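*Asks:* Let me begin by handing over the structure; questions about it come next.
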């Protein structure tokens, strides 16, 4: 049912902005994950200290909706200028700039070469 609804939404031309936003969020998933954890944790503590217990769930819900919408806009603007998200770029650079691992000669057992030379005229064939 959910897949059918998603497929129908994808066919609507005026919903292309939603699909592009979700695509951009998916391309920047590590950055979005770290950002929402850090911002959400700090904001939850601030709201907990300043809100009454009755208003706390509503305040957190409104803040998270505002955070998701702002992250959608951030992703859209970011990908107009850059190819990768900031943390995705950092992970890509850190993983591709590492030197290759050296091969340790003791870790691989290789057959020893025959170092004995045949003596000429020794009678051995």
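The values are calculated or read from the model by the stated rules, or taken from the named source; none is laboratory data. Predicted model only: the values in this text are computed from it and were never measured. Positions of Cβ are generated from backbone atoms using ideal geometry, with glycine treated the same way; all protein chains shown enter the neighbour counts.
*Asks:* For region 1-53, which fully contained helices (runs of 4 or more DSSP H) count at least 1 residues that are within 16 Å of residue 72 (Cβ to Cβ) and modelled with pLDDT of 85 or more?
*Replies:* Values: elements: 2-11, 16-27, 29-50.
Filter on region 1-53 gives 16-27, 29-50.
*Asks:* For region 6-21, check the following and say yes or no: at least one residue is under 14 Å from the mean Cα position of the chain (by Cα) and at negative phi. Even if it seems obvious, please write down each step before you answer.
*Replies:* Taking region 6-21 first, the residues under 14 Å from the mean Cα position of the chain (by Cα) are none.
Looking through region 6-21, none of the residues is under 14 Å from the mean Cα position of the chain (by Cα) and at negative phi.
*Asks:* Looking at region 39-54, can you tell me whether even one residue there is within 24 Å of the chain's Cα centre (by Cα) and loosely packed, with under 12 Cβ neighbours inside 10 Å? Please lay out each step first, then the result.
*Replies:* Restricting attention to region 39-54, the residues satisfying the condition of being within 24 Å of the chain's Cα centre (by Cα) are 39-43.
Next, only the ones that are loosely packed, with under 12 Cβ neighbours inside 10 Å stay: 41-42.
Yes, region 39-54 has at least one match.
*Asks:* What is the residue count in region 54-101 for residues that are part of a loop (DSSP other than H, G, I, E, B) and touching a helix residue (DSSP H, G or I) at 6+ places or on another chain (Cβ under 7 Å)? Before you say what the answer is, go through the steps one by one.
*Replies:* The initial filter retains those residues of region 54-101 that are part of a loop (DSSP other than H, G, I, E, B), namely 54-55, 82-85, 97-101.
Pick out the ones that are also touching a helix residue (DSSP H, G or I) at 6+ places or on another chain (Cβ under 7 Å) and you get 84-85.
Total meeting the criteria: 2.
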